[in-house]
1. Only one of these conditions is not met by Glu101: (1) touching a strand residue (DSSP E or B) at 6+ places or on another chain (Cβ under 9 Å); (2) free of Cβ contacts under 8 Å to residues at least 40 places away in the same chain. Which number is it?
2. Of all residues in region 59-70, which are within 23 Å of Ile42 (Cα to Cα) and more than 9 Å from the chain's Cα centre (by Cα)?
3. Among the residues of region 115-159, count how many are outside any loop (DSSP other than H, G, I, E, B), small (Gly, Ala, Ser) and within 19 Å of Glu19 (Cα to Cα).
4. Could you please find all residues in region 33-77 being within 17 Å of Arg13 (Cα to Cα) and touching a residue at least 60 places away in the same chain (Cβ under 8 Å)?
5. Residue check: is Cys22 under 14 Å from Asn145 (Cβ atoms), within 14 Å of the chain's Cα centre (by Cα) and not acidic (Asp, Glu)?
6. Do we find that Leu69 is surrounded by 16 or more Cβ atoms within 10 Å (Cβ to Cβ) and aliphatic (A, V, I, L, M) in this structure?
7. Could you please let me know if Ile57 is modelled with pLDDT of 90 or more, aliphatic (A, V, I, L, M) and surrounded by fewer than 16 Cβ atoms within 10 Å (Cβ to Cβ)?
8. Give the residues of region 82-140 that are loosely packed, with under 14 Cβ neighbours inside 10 Å and within 22 Å of Glu154 (Cα to Cα), sorted by residue number.
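The values are calculated or read from the model by the stated rules, or taken from the named source; none is laboratory data. Note that the coordinates shown come from a computational prediction; the quantities given were computed from them, not determined experimentally. Cβ coordinates were reconstructed from backbone atoms using ideal geometry, including for glycine residues, and neighbour counts include every protein chain displayed.
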Amino acid sequence: MDALFAYQVRAMRRIFASEDVCLGCRLCEVYCAVRHSKSGDIIKAMTREVPKPMPRIVVNEAGPTSFALQCRVCEEPMCVQSCISGAMRKDPDGVVRVDEERCIGCWTCVISCPYGAIGRGTAERPVALKCDMCPGLDVPICVANCPNEALKCEEEDSSGKV
């Protein structure tokens, strides 16, 4: 019983966007795409790689308001429940990940995400794309490179407290 309780109140990293200070510069998208590219180099990734690297974060704009949209790390993610190939999974650290080798591009996860945080890959590589919190980095690349600090990565326990 204690182990179950500990699992339920564990902290999860989440990225929060502040539309009040987002410039709409899309640098978060660029850094994300380069981070997930084959080369990891901005010039090579954007000019030579085929298919072109795609970001796992998207900047939405509505008039003068803009903000970065990425996975909200749902308690019970509909994308995982609706995935017919088993490519979507929620890891013990709370991050929902896509196994791109198992993804068949059916887009049920895209349709089921209530936040619109899952994108579609390219025609050459039709896989679901979503924020993976940049495994191996202390701070996700989009947060670390946001020039106006509109993105914050914070620990949140399962009760929703930051």
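1. The single condition Glu101 does not satisfy is (1).
2. Within region 59-70, Val59, Asn60, Phe67, Ala68 meet the criteria.
3. So the count comes out to 1.
4. Arg56, Ile57, Ala68, Gln70, Cys71, Val73, Glu75
5. no
6. Considered against the rule, which asks whether it is surrounded by 16 or more Cβ atoms within 10 Å (Cβ to Cβ) and aliphatic (A, V, I, L, M), Leu69 comes out as yes.
7. no
8. Asp91, Pro92, Asp93, Pro114, Tyr115, Gly116, Pro135, Gly136, Leu137, Asp138
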